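The values are calculated or read from the model by the stated rules, or taken from the named source; none is laboratory data. Note that the structure is predicted; figures quoted are calculated from it, not measured. All Cβ positions, even for glycine, are placed from backbone atoms using ideal geometry, and neighbour counts span all protein chains on display.
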Amino acid sequence: MEKSEAKRLLGRAQDAFDAGEWQECAELYEQVLAHYPDESRSEVWWYDAALAYKFLRDWPKAYELGREAAARSPRGESDPAFWNLGIAATILREWEVARDAWRGFGFAVPEGEGEITDFGGMACVRLDTDGEREVVWAQRLCPTRARVVNVPVTPGRRFGEIVVHDGEPKGERVVEGEAYYVFDELMLFEGSRLPTLTVTVNAERVGDLEELISRFAGRDFGAEPASGVRALCACCSEGSHEQTRSLHAGAQQLALAAPEAEARQLLDDWAGAVTTGRSWSGLQPVD
């Protein structure tokens, strides 16, 4: 391929990138890279081609081209080539490459083999299922994976599932003055078998409800007030929002994540722990 032809294809590839024509963009870059893999600007072409395949959710190709992009990028400088490679390698469960990619990005990844599960910290993830979008809290397992610790209201989504999220923050949630980034979900990585239930509880004190929630948490189940859900438009969802507790004394509905028989037993144990002031009714599955 003559350099003049390569220049023409690169121009078309950039136009396709700007237009969001990801398949055409990636294929044009690959045509050029097959002949010019190590030109002075080739790391950018490898990166853009890999990024286009990421947008297409073609993870094998994002991984293949992402390795080439990362190999030509500076280590330890938060270069996004390593981040995108880390995502693709994680989704494909190429754990050794994922660990190296996170180190290349600049994370202090613990020594070891296999998947990373001790990254630590909390974040928010915007779940996206067939157009249904919901921001949930999640425990971070690695730079791109997190376990959902809310009881989602979106049909089919569950407490305890593990999701892969993107690396660019799209909003934040503020709790007691501390801000937590919101990341967009890329895919469901591992499902959860815990069903979602609802129940009406009545308690004289907020502390009684906190005790009930703790009983569920102690079994690795979920329990939270259903009134904590707020509907936001897409634009507002990507902004900054203060989050406050919505527990109150009296009757209210809780969302639960637990097998129904075990939820019933926990509710009975909680209500029976005192002589008066606690009750529950209307336990039913949501999905």
**Report entry** Residue among 176, 132, 168 that alone is modelled with pLDDT under 95, on the phi > 0 side of the Ramachandran plot and charged (D, E, K, R)
**Finding:** 176
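Which residues, taken from the stretch 189-203, are more than 30 Å from residue 268 (Cβ to Cβ) and surrounded by 18 or more Cβ atoms within 10 Å (Cβ to Cβ)?
Selection gives 189 alone.
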Query - All positions within the stretch 153-180 that are over 13 Å from the mean Cα position of the chain (by Cα) and of a type in the set (Gly, Ala, Ser) - result: 156, 171, 177, 179
Query - Test result for residue 153, in contact with a Gly (Cβ under 8 Å, 6 or more places away or on another chain) and at negative phi - result: no
Report summary line: (1) out of contact with any strand residue (DSSP E or B) (no Cβ under 7 Å at 6 or more places or on another chain); (2) closer than 30 Å to residue 151 by Cβ; (3) of a type in the set (Ser, Thr, Tyr); (4) outside the structural domain of residue 182 (by TED's automatic domain parsing) all hold for residue 129 apart from (4)
Requested in this report: For the stretch 62-114, name all the residues that are charged (D, E, K, R), outside any helix (DSSP H, G or I) and in the same structural domain as residue 37 (by TED's automatic domain parsing).
Outcome: 72, 75, 77, 79, 93, 94
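Condition check ((1) farther than 29 Å from residue 268 by Cβ; (2) surrounded by fewer than 19 Cβ atoms within 10 Å (Cβ to Cβ); (3) of a type outside the set (Asp, Glu); (4) in contact with a strand residue (DSSP E or B) (Cβ under 7 Å, 6 or more places away or on another chain)) across all residues:
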position	(1), (2), (3), (4)
116	yes, no, yes, no
144	yes, no, yes, yes
171	yes, no, yes, yes
180	yes, yes, yes, yes
205	no, yes, yes, no
Query raised in the report: (1) loosely packed, with under 14 Cβ neighbours inside 10 Å; (2) touching a Ser or Thr at 6+ places or on another chain (Cβ under 9 Å): which one isn't true of residue 78, the others all being true?
Result: (2)
Report task. Check whether at least one residue in the stretch 256-267 is over 33 Å from the mean Cα position of the chain (by Cα) and at pLDDT 90 or above, and report yes or no. Result -> no
**Report entry** Filter result for residue 135 (in a loop (DSSP other than H, G, I, E, B), touching a Ser or Thr at 6+ places or on another chain (Cβ under 7 Å), buried (at least 19 other Cβ atoms within 10 Å of the Cβ) and not assigned by TED's automatic domain parsing to the domain that holds residue 67)
**Finding:** no
Requested in this report: Looking for whichever is on the phi < 0 side of the Ramachandran plot, in contact with a Gly (Cβ under 7 Å, 6 or more places away or on another chain), in contact (Cβ under 8 Å) with a residue 12 or more places away in the chain and among the small types (Gly, Ala, Ser) here; the options are 98, 89, 138. Which one fits?
Outcome: 98
